[in-house]
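First comes the structure, then the notes that go with it.
Where a number appears in this text, it was derived from the coordinates with a stated rule and is not lab data. Just so we're clear, the structure is a prediction, and the values are computed from it rather than from any experiment. When we count neighbours, we look across all protein chains shown, and the Cβ atoms used for this are built from the backbone with ideal geometry, even at glycine.
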Amino acid sequence: MPKCILAEDEKLLSAALQRELAKAWPELEVVAVAEDGGEALDAIAEHTPDIAFLDIRMPGLTGMEVAAAAADASPRTLVVFITAYDQYAVDAFERGAVDYLLKPVAADRLAQTVARLRSRLADVEKHAGRAGRLAKDMRDQFEATPVEPLTWITASTGRATRLILVEDVIYFRADNKYTLVATADGDALLSRPIRELLAQLDPRTFRQIHRSTIVNLRQVASVERDDGGKGCLRLRGRPETLTVSQPFMAIFRAM
């Protein structure tokens, strides 16, 4: 049975696509459903699926960034992009993508995608890594709607509330229902989930390095890699080190 992962941050659209896939391709096994780019990359590294359905716009890593990293983590995985954008984006996909689906996904269009994927899987070695290379080529051509990133946050330290410039944050880490905010002046807690932060931070400065950690690249002193493929970040202004999970090391190599 072929395996796939599905990455879509809108739960209703994700559920609808799963239902339509079950009708159009009953043999296809959905082994993981992700709500952001980091989860999607982790799932691809863990399951090495035959197919990945990736939303273009997700918190954290975009669908194209995930596809580019997946070329290292699982080169056999074929990628189908899911997009709400109009013809200017579709034209780029037409240049060689495995396929694309426009939201909301129509049953007849999905049937065409399934037929195309079945054909590609019959000759998957020939097309291994193609989606990742395509994603890299498309990065400069695809222009997403700009979103103003966060410039400051309010976080608590005991009974006090601190106003923290985002550029002063060294890293964010998930802490139960809260997010730990680490700065050179100490730690604070933010009552906002880390997944929400991913969509609001400047991706040129802040990158996810683990399912639960986002780091400020300007605060990284060095990156080391162990024999198992994981990484270790040494920081400016903090004594501790941060672990980079193996799938996210591909992002560092691409930077």
- Taking θ as phi - 60°, what are the ³J(HN,Hα) couplings along region 23-30 by the Karplus curve (6.51, -1.76, 1.60), each to the nearest whole Hz, with x for Gly and Pro? 6, 6, 8, x, 6, 6, 9, 7
- Query: In sequence order, what are the phi-derived ³J(HN,Hα) couplings for region 194-203 according to the Karplus relation 6.51 cos²θ - 1.76 cosθ + 1.60 with θ = phi - 60°, rounded to whole Hz, with x for glycine and proline?
  - Reply: 5, 5, 5, 4, 3, 6, 10, 8, 6, x
- Note on the structure: Under the 7 Å Cα-to-Cβ spin-label approximation, ARG118 and LYS11 lie apart by a distance in nanometres of 3.4
- In Hz, Karplus ³J(HN,Hα) per residue of region 179-193 (6.51, -1.76, 1.60; θ = phi - 60°; x = Gly, Pro): 10, 6, 10, 9, 10, 5, 8, x, 9, 9, 10, 10, 8, 9, x
- At R0 = 30 Å, FRET efficiency that the Cβ-Cβ distance of ASP108 and THR48 yields, to 0.05: 0.50
- Note on the structure: So ARG234 and SER156, fully extended at 0.36 nm per residue minus their Cα-Cα distance, gain in nm 25.5 nm
- Message: Restricting to DSSP loop positions (anything but H, G, I, E, B) with no more than 13 other Cβ atoms inside 10 Å of their own Cβ, which trypsin sites (Lys or Arg not before Pro) remain in region 153-255?
- Response: ARG159, LYS177, ARG204, ARG236
- How many nm is it between the label spots at ALA221 and GLU29, if each spot is 7 Å from the Cα in line with the beta carbon? 4.6
